[in-house]
Amino acid sequence: MRNAPPPRRPPLPHLVSVAVVSAIVLALQIVLTRLLSIASWHHFAYFVISTALLGFGVSGTVLALWSDALARRFARSAAVFSLLLAATIPLSLLAAQRLPIDVRYLLFSWEQAGYLLIYHALLLVPFLAGALVIGLALVRYGGSAPRVYGVNLFGSGFGAGAVVLFLDGIAPHVLLGALSALALLAAPLWMVPRTGQPARRGSWRPWLVLALGAAVTVAAVSALRAPPADPYKMEATLARWAAQGDARRVEARHTARAKLDLVASGRLHQTLFAGLSATAAPPAQFALLADGHLADPVFRIDRAGDARILSFTPQSLPHRLLDSADVLLLDEQGGTNVWLARMYGARRITVVQANGSLIDLVRALPDSSGGGVYRGRDLRVVTADPRQFLETNRDRFDIIRVSSVEGMAAGVSGTLTMHETHLLTVEALARCFDRLTPRGMIVLVRGLQTPPRDNPKLLLTSARALEEAGIRSPAEHLLQAHNYLAAVTLVFRTPLDSIAAAGLADQLAALDLTLDHAPGDAIGRGEREIDRSAPDDSLSLAWFAARLLGPGRGTFLDRYGYDLRPATDSRPYFFHFFRWRSLPLFFDTYGPHWLQRLELGYVVAVIVLVETALAGAALILLPIARMPGIRGRRGPWGVIVYFAALGFGYLFLEMVTLQRLSLLFGDPVYATAFTLAVFLVLSGAGSLTARSGAGTGDASADTAGGSRWLRDAGRVAAAAVAAFVALRVANPWLVALPFGWKLAAALVLIGPAAFLMGRPFPRGIVRLERASPAQLPLAWAVNGFASVAAAPLAILLAVSWGYLPVVFAAAGLYLIAMRAWGRLG
């Protein structure tokens, strides 16, 4: 029991500190996500989110077990936890960087699994410290829970929006140092005495502790360095070459989208899928890296004739067929396709790249070193998201090339499976088809892998896009051929058999390409015939084309071991092929090597979900379950269902909205910042307006409070579904708006749901505090555990089923919480 009742209203310095710590915790999530994307892989974003939420869940357990002791020394405890946040931001990262984690061996090595647990625990500490500050304030000022909770959400929203402004030009590890310094400034605010309150004897001791902690923090921050790249990334290979004197870094830039590096080495010889008949050598080149991955080579040449190696690649096929073409290059990076278009006399070239810093990096080079590739009167460079360009531009092109797909196939590393790709959806390719001239074609080139999945999926997605565009016989507009490294898929605006295709067979022969699909006798009788007689176990691309474009497509897609369903705007995960029901087949076929045939990103996301769920159960639920009085007078199930449904429902809606707004804004960074800021700030505003008459002993007040909550729950469900459906239906019109109007439209659509979502949690807390205060730790712990599992689970569900089912699931969860309201307290 507390010795004295806590004050009803928190003083201003305490509210300011809560806001600052909340902003730091959200900014830390975003900065760590960028840092791990650079050092490891982008799917670690879900790892960071789950780690942060696990910290909040564990803080509930700590407060439940020791709340009385901490409350007696509230100011000092809050100051120490703020100091711990400041110190552990750099210290946890420094310790985690020393662990030899290799995610490819997580399912084969208990040692690696142990490293992952330690890594998770280290990154958990600063989030736990920040959550303890916020949770302790909620416990201390329980009667003002809506006010404290609202300030918490306001601060979180501000941190999420502000940190994005600093990601352009500042390295993430430097930003971590800044966040640590900001946490140091928040710590003394807890020690400021209330107005009229005299200083206590020995009050200098906490200040001494703060000073010593500040010294440790400063020392740790000064030791922060950029983490080394994953050994399987190209950046790590180039670093080893640099250590041998075989490579040097020419330029490096940090942007909100990616860390860009330009590296020179005489050992770079990218041939870009050139066939065995090539008679030209690749020119000297730079490696252009994005977050440590090889984005593209940059040829160190000043004229197109020096890039003759490109004339032996599958990418050259459309240029061999069309003279003086108008060319559109979507997401072009290093400029190799610009040289290719110039080599074949393109009349006009349009390059669309979302990251303007990438273009500037290449353009800054001298003409003799390749900088001239992005200069010239024949060239137009548009800094915009490629999908946004397709939606808003009305020009017509002879060749539309999706440059970003031109790489090795997903199965080589499997790290792209959780990556949203809005350029490879049915809707995107249908829009490309609309932008073609009558003689135009879409060009998709992709590396081969075994068993095939990327190229068959490209062919099927193209066919579905043609159906979306109203073409009754898609097979008549498609061609697919391959050499020993890659396949090229062409989508023609006019059916092939109406094109002068007599020379196409000669061009296929010149490039040593094997034909996999062509309609009818478009290639000419007896020339480059397709072998469709391959046995079922050969899995040739021609075998796939016959089944994907034939009448038995649906049966084949259901039976094939990989998920080849085309990606859509509601499920934009082109590189996802995993199927749970195929696991026994992989075990039987590949034995101990089964994991090598799966997409690694999905496996890592599942591991993160399982590991965080188990850790959450062990660290949150089990300790709470043993506390006396936790069952309450009416049992614990009302509390468990209510706060678990809120945790899952809130995170489901937040994660799916974030993904959907990426398509509207054309920028995942701004979409992330906007979604977090809007959800948290408006939920904070909703929290500040939350009132409840529950538990006062007044039956009429209790009924009125319950009625208000029942209406709010129904409104949340309705507003969430309506907002998502409106975003989906109105997207073709909204994308044409200026960016500021897009922000306003998104705010109008999702704002009401976000506001209403802030009300149920503090109302439940106030009701429990009045009716059954012993169950407050259970409520905090269950909500934290649900939030921990919700982030990766939402993405896994979206990857498999799409966004809309996840939104309906979230709406259903709020309705379930509505039914559980009557059993609270």
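I need the full set of residues from the range 757-806 which are open to solvent by 10 Å² or more (accessible area, probe 1.4 Å) and outside any helix (DSSP H, G or I), in order please. Arg759, Ser772, listed by residue number. Looking at the range 150-258, the helices (runs of 4 or more DSSP H) lying wholly inside it that each contain 2 or more residues that are at pLDDT below 85 sit at 204-222.
Of all residue pairs spaced 6 or more apart or on separate chains, those with beta-carbon atoms under 8 Å, a first member in the range 500-513 that is closer than 16 Å to Leu322 by Cβ and open to solvent by 30 Å² or more (accessible area, probe 1.4 Å) and a second member that is at pLDDT 85 or above and assigned to a helix (DSSP H, G or I) are Gly503/Leu321; Gln507/Leu317; Gln507/Arg320; Gln507/Leu321; Ala510/Arg320.
From the list Thr271, Thr279, Thr237, the one residue that fits, being among the hydroxyl-bearing types (Ser, Thr, Tyr) and under 26 Å from Leu330 (Cβ atoms), is Thr271. Does Val729 qualify as being within 34 Å of the chain's Cα centre (by Cα), of a type outside the set (D, E, K, R), modelled with pLDDT of 80 or more and open to solvent by less than 60 Å² (accessible area, probe 1.4 Å)? Spelling it out, it is not the case that Val729 is within 34 Å of the chain's Cα centre (by Cα), of a type outside the set (D, E, K, R), modelled with pLDDT of 80 or more and open to solvent by less than 60 Å² (accessible area, probe 1.4 Å).
Got at least one residue in the range 447-456 being more than 30 Å from Trp594 (Cβ to Cβ) and under 33 Å from the mean Cα position of the chain (by Cα)? No - not one qualifying residue is present in the range 447-456.
The C-beta contact set for the range 323-339 (first residue over 16 Å from Arg377 (Cβ atoms) and among the small types (Gly, Ala, Ser), second residue open to solvent by 10 Å² or more (accessible area, probe 1.4 Å) and modelled with pLDDT of 95 or more, distance under 6 angstrom, 6+ apart or interchain) comprises Ala325/Ala346; Ala325/Asp398. Residue check: Leu541 meets all listed conditions (1) open to solvent by 10 Å² or more (accessible area, probe 1.4 Å); (2) out of contact with any strand residue (DSSP E or B) (no Cβ under 7 Å at 6 or more places or on another chain); (3) modelled with pLDDT of 85 or more but one, namely (2). Criterion applied to Arg464, Arg493 was being surrounded by 17 or more Cβ atoms within 10 Å (Cβ to Cβ), over 30 Å from the mean Cα position of the chain (by Cα) and more than 22 Å from Ala278 (Cβ to Cβ), and the one residue passing it is Arg493.
Selection of the range 746-756 for residues being open to solvent by 20 Å² or more (accessible area, probe 1.4 Å) and within 15 Å of Phe674 (Cβ to Cβ) yields Leu747, Val748, Leu749. Tell me which residues, restricted to the range 439-459, are aliphatic (A, V, I, L, M) and surrounded by fewer than 24 Cβ atoms within 10 Å (Cβ to Cβ). Scanning the range 439-459 gives a single hit, Leu448. When the strands (runs of 3 or more DSSP E) confined to the range 290-366 are screened for residues that are more than 24 Å from Leu390 (Cβ to Cβ), those reaching at least 2 such residues are found at 293-299.
Looking at Ala810, Ala726, Ala790, Ala820, just one residue is over 19 Å from Leu680 (Cα atoms), hydrophobic (A, V, I, L, M, F, W, C) and touching a residue at least 60 places away in the same chain (Cβ under 8 Å), and that residue is Ala820.
Kindly indicate whether any position in the range 75-91 is of a type outside the set (Gly, Ala, Ser), in a helix (DSSP H, G or I), modelled with pLDDT under 85 and surrounded by 20 or more Cβ atoms within 10 Å (Cβ to Cβ). No - not one qualifying residue is present in the range 75-91.
Condition test on Thr383, is it touching a helix residue (DSSP H, G or I) at 6+ places or on another chain (Cβ under 6 Å), buried (at least 24 other Cβ atoms within 10 Å of the Cβ) and at pLDDT below 95? No: the conditions fail for Thr383. Counting the residues of the range 41-74 that are outside any helix (DSSP H, G or I) and within 19 Å of Ile795 (Cα to Cα) gives 3.
Conditions (1) small (Gly, Ala, Ser); (2) farther than 23 Å from Arg387 by Cβ, marked per residue:
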| residue | (1), (2) |
| --- | --- |
| Ala736 | yes, no |
| Phe739 | no, no |
| Ala745 | yes, no |
| Met757 | no, yes |
| Val766 | no, yes |
| Gln775 | no, yes |
| Ser787 | yes, yes |
| Trp801 | no, no |
| Arg819 | no, yes |
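Return yes when Pro456 is assigned to a helix (DSSP H, G or I) and within 29 Å of His576 (Cβ to Cβ) and no when it is not. In short, yes.
When Ala281 is tested against the conditions (1) within 20 Å of Ser368 (Cα to Cα); (2) of a type in the set (A, V, I, L, M); (3) open to solvent by 10 Å² or more (accessible area, probe 1.4 Å); (4) not in a loop (DSSP other than H, G, I, E, B), the lone failure is (4). Within the set Val20, Val25, Val16, Val31, the sole residue that is in a helix (DSSP H, G or I), modelled with pLDDT of 90 or more and surrounded by fewer than 20 Cβ atoms within 10 Å (Cβ to Cβ) turns out to be Val16. Being surrounded by fewer than 20 Cβ atoms within 10 Å (Cβ to Cβ), over 30 Å from Ser77 (Cα atoms) and charged (D, E, K, R) is a condition met by at least one residue of the range 218-227.
Restrict the check to the range 613-622 and report whether at least one residue is open to solvent by 40 Å² or more (accessible area, probe 1.4 Å) and modelled with pLDDT of 80 or more. Yes: the range 613-622 contains one or more residues that are open to solvent by 40 Å² or more (accessible area, probe 1.4 Å) and modelled with pLDDT of 80 or more.
Condition check ((1) of a type outside the set (Gly, Ala, Ser); (2) within 16 Å of Ile38 (Cα to Cα); (3) surrounded by fewer than 21 Cβ atoms within 10 Å (Cβ to Cβ)) across all residues:
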| site | (1), (2), (3) |
| --- | --- |
| Gly266 | no, no, yes |
| Gln270 | yes, no, yes |
| Gly275 | no, no, yes |
| Phe286 | yes, no, no |
| Asp296 | yes, no, no |
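Residues in the range 559-600 that are at pLDDT 90 or above, open to solvent by 20 Å² or more (accessible area, probe 1.4 Å) and not basic (Lys, Arg): Thr568 only.
The values are calculated or read from the model by the stated rules, or taken from the named source; none is laboratory data. Computed from a predicted model, the values in this text were never measured in an experiment. Don't worry about glycine lacking a Cβ; one is built from the backbone with ideal geometry, like all the others, and counts go over all protein chains shown. The accessibility values were calculated without ligands, DNA or RNA, using every heavy atom of the protein model including side chains. Shrake-Rupley method; radii C 1.70, N 1.55, O 1.52, S 1.80 Å.
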